[in-house]
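Read through the structure below, which is laid out as structure tokens, and then see the notes.
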Amino acid sequence: MLLALVAWLLPIILIARSDRTEGGEKLLWVLVTLFVSWFAWILYLLVAPIGEKLKKI
């Protein structure tokens, strides 16, 4: 059971400590990860930061 808790919390901790995003965008990623877990973390690695990509367009 402890292993399951760690596996569920790990993506949240990794996003919270990451320098790829900040502020509201980081909060949004953490909230999405709370509900979708590992899939959201993989998506985070692929597309974050969204704000910088939109500014380039």
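The values are calculated or read from the model by the stated rules, or taken from the named source; none is laboratory data. Please read all numbers here as calculations on a predicted model, not as lab measurements. For neighbour counting, all protein chains shown are included, and Cβ atoms are generated from backbone atoms with ideal geometry for every residue, glycine included.
Quick notes on this one:
- A single entry from Leu54, Leu9 fulfils the requirement of being at pLDDT below 85, more than 10 Å from the chain's Cα centre (by Cα) and either aromatic (Phe, Trp, Tyr) or assigned to a helix (DSSP H, G or I) (or both): Leu54.
- Test: Lys26 is out of contact with any Asp or Glu (no Cβ under 8 Å at 6 or more places or on another chain), on the phi < 0 side of the Ramachandran plot and at pLDDT 90 or above: yes
- Options Thr33, Thr21; residue that is part of a loop (DSSP other than H, G, I, E, B), at pLDDT below 90 and surrounded by 14 or more Cβ atoms within 10 Å (Cβ to Cβ): Thr21
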